[in-house]
Amino acid sequence: MRFARVVFLIAGIWGVLVVTPLYFLFDLIGRQYPPPITHPDFYYGFASVTLAWQVAFLVIASNPLRLRPMIPVAILEKFGYVTSLGVLYARGQLQVGQVAVGGPDLLLGLLFIAAFLKTREFGLDQQRF
C-alpha cells in the first residue's frame, strides 16, 4: 500500500512541476521544434488535461486501495502518451528530443502497473480478516 501511495505521490508532484511551465513555453517550443505551433487550443488543451491528470494522481495517492479502479485508467494515460510519441517518431514527425520526454512517463506507467498489482495483494489480504 505504501508503494502505491509513494508512486502516485511522486507522479503527481513530478507532473505538476513538469506540466505547469508549459503554460509559459508556447513560443519557445515553436522555435525549438519548428514549425511554430499553429493550434494553441490543442496545445493548451493538452496542458490542461495533463495537469488535471497530475491532480488525479495525487488523489489516487491519498487512498490507492479505495481508488484502485482508477489505476488502469492512469496506466492508459501514461502508455497512451508514450505510444503516441513512438508512433509519431516512427513516422518521422518528431525529433529524438521530443520523444525523449516520454521516458519518465514510460517509467511511471511501469510503476503504475506494479502499484496496481501490489494493491491487489493488499486488498486480498484485507479481505481474509
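Here PRO35 fulfils each of the conditions (1) more than 27 Å from ARG5 (Cα to Cα); (2) touching a Leu at 6+ places or on another chain (Cβ under 7 Å) apart from (2).
For region 21-33, check the following and say yes or no: at least one residue is assigned to a helix (DSSP H, G or I), buried (at least 16 other Cβ atoms within 10 Å of the Cβ), on the phi < 0 side of the Ramachandran plot and not charged (D, E, K, R). Within region 21-33, one or more residues are assigned to a helix (DSSP H, G or I), buried (at least 16 other Cβ atoms within 10 Å of the Cβ), on the phi < 0 side of the Ramachandran plot and not charged (D, E, K, R). Being part of a loop (DSSP other than H, G, I, E, B) and hydrophobic (A, V, I, L, M, F, W, C): is that true of LEU85 here? Considered against the rule, which asks whether it is part of a loop (DSSP other than H, G, I, E, B) and hydrophobic (A, V, I, L, M, F, W, C), LEU85 comes out as no.
Evaluated against (1) assigned to a helix (DSSP H, G or I); (2) without any contact (Cβ under 8 Å) to a residue 40 or more places away in the chain; (3) surrounded by fewer than 17 Cβ atoms within 10 Å (Cβ to Cβ), GLU77 falls short on exactly one condition, (3). Scanning region 26-78 for residues that are in contact with a helix residue (DSSP H, G or I) (Cβ under 7 Å, 6 or more places away or on another chain), more than 20 Å from GLY102 (Cα to Cα) and among the basic types (Lys, Arg) yields a single hit, ARG68. Of the residues making up region 68-113, those that are closer than 17 Å to VAL7 by Cβ, of a type in the set (Gly, Ala, Ser) and out of contact with any Phe, Trp or Tyr (no Cβ under 7 Å at 6 or more places or on another chain) number 1.
Examine region 81-88 for a residue that is modelled with pLDDT of 95 or more, among the hydrophobic types (A, V, I, L, M, F, W, C), in contact with an Asp or Glu (Cβ under 9 Å, 6 or more places away or on another chain) and under 15 Å from LEU9 (Cα atoms), and state whether such a residue exists. No, that holds for no residue.
The values are calculated or read from the model by the stated rules, or taken from the named source; none is laboratory data. Note that the structure is a prediction, hence the values are computed from the model and not measured. Ideal geometry is used to build each Cβ from the backbone, glycine not excepted, and the neighbour counts take in all protein chains shown.
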